[in-house]
Amino acid sequence: MRRPRFTHRLTVTVAAGLMAAGLAAGPAAADPAPDWTVAVQSLHAAAAGNPAAEQAVDRLAAALPARFDVALPAQPFQIPAQSDIGRGGGPGVYGSGIALGLDGFRFGFFGGPGTIAPNQSGARLDVVWLNLSNGRSGTNTLIEHQDIPVDTTIRTAVLDPGPGMVVAAVYGTLWHRWPVPVSDANPDGFQYQLGTISVPSFGAVYN
């Protein structure tokens, strides 16, 4: 199957007002977004030396549409992840990366079956990111999660990508759990399942 050609430009949307109080607003007048092909190539360069990140960006480039809006902080990534345990029980749409801006800039992930398990031993979820405005980049692991009902994301530590447009892709594996009757197979009253992302969740946000 031919790979799609990504030749369009990202379309920047500036919100008239932010719905959630306390969120840092994006720039008043956003600069034109870069060519999509250049953005993907730049993200691949940021992943250089990390084979898992490089492969994730390659899968991303082969699967994404050519055009989408750029999000402001504290909004889900525009492109959700694909996984072996997608919605509905089989492979498919899984969950989404998110940019959080409440206590400092972080990347996070939410979605999948049940809730995110508090113990992520044997799983690893990473984000590779690049600030297209200043060239800062990195690969960070999503490690912060509390086992409380209102905590629905797993997150990185606070990052400092600097101001500007940041593109990022979340990839890897993540444990989920949901309540079931207590049994020998499920002594703690939960069933666990490991989700493996086949196509990363991708987003472009302003910090």
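Residue-wise test of (1) at pLDDT 95 or above; (2) within 30 Å of Ala45 (Cβ to Cβ).
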{"position": "Phe105", "(1), (2)": "no, yes"}
{"position": "Leu125", "(1), (2)": "yes, yes"}
{"position": "Leu132", "(1), (2)": "no, yes"}
{"position": "Gly135", "(1), (2)": "no, yes"}
{"position": "Asn140", "(1), (2)": "yes, yes"}
{"position": "Pro149", "(1), (2)": "no, no"}
{"position": "Thr152", "(1), (2)": "no, no"}
{"position": "Val158", "(1), (2)": "no, yes"}
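No other residue among Pro113, Pro80, Pro65 is within 21 Å of Ala204 (Cβ to Cβ) and at pLDDT below 85 apart from Pro65.
Conditions tested, residue by residue: (1) open to solvent by 10 Å² or more (accessible area, probe 1.4 Å); (2) closer than 18 Å to Ala52 by Cα; (3) touching a helix residue (DSSP H, G or I) at 6+ places or on another chain (Cβ under 7 Å).
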residue	(1), (2), (3)
Ala81	no, yes, no
Ile98	yes, no, no
Asp103	yes, no, no
Gly108	no, no, no
Val127	no, yes, no
Asp147	yes, no, no
Pro161	no, no, no
Ala169	no, yes, yes
Leu174	no, yes, no
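Only one of (1) of a type outside the set (Val, Ile, Thr); (2) in a loop (DSSP other than H, G, I, E, B); (3) modelled with pLDDT of 90 or more; (4) closer than 15 Å to Ser201 by Cβ fails for Arg87. Which number is that? Answer for Arg87: the failing condition is (3).
Yes or no, residue by residue, for (1) touching a Cys at 6+ places or on another chain (Cβ under 9 Å); (2) part of a loop (DSSP other than H, G, I, E, B); (3) of a type outside the set (Lys, Arg):
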| site | (1), (2), (3) |
| --- | --- |
| Asp147 | no, yes, yes |
| Thr152 | no, yes, yes |
| Val167 | no, no, yes |
| Gly172 | no, no, yes |
| Arg177 | no, no, no |
| Pro187 | no, yes, yes |
| Leu194 | no, no, yes |
| Gly203 | no, no, yes |
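When each of Ala52, Ala56 is tested for being outside any strand (DSSP E or B), under 26 Å from Tyr192 (Cα atoms) and at pLDDT 85 or above, the lone residue that passes is Ala52.
The values are calculated or read from the model by the stated rules, or taken from the named source; none is laboratory data. Computed from a predicted structure; not experimentally measured. Glycine also receives a Cβ, built like all others from the backbone with ideal geometry; neighbour counts cover every protein chain displayed. Please note that ligands, DNA and RNA were not included when accessible areas were found on the heavy atoms of the full protein model with its side chains. Shrake-Rupley method; radii C 1.70, N 1.55, O 1.52, S 1.80 Å.
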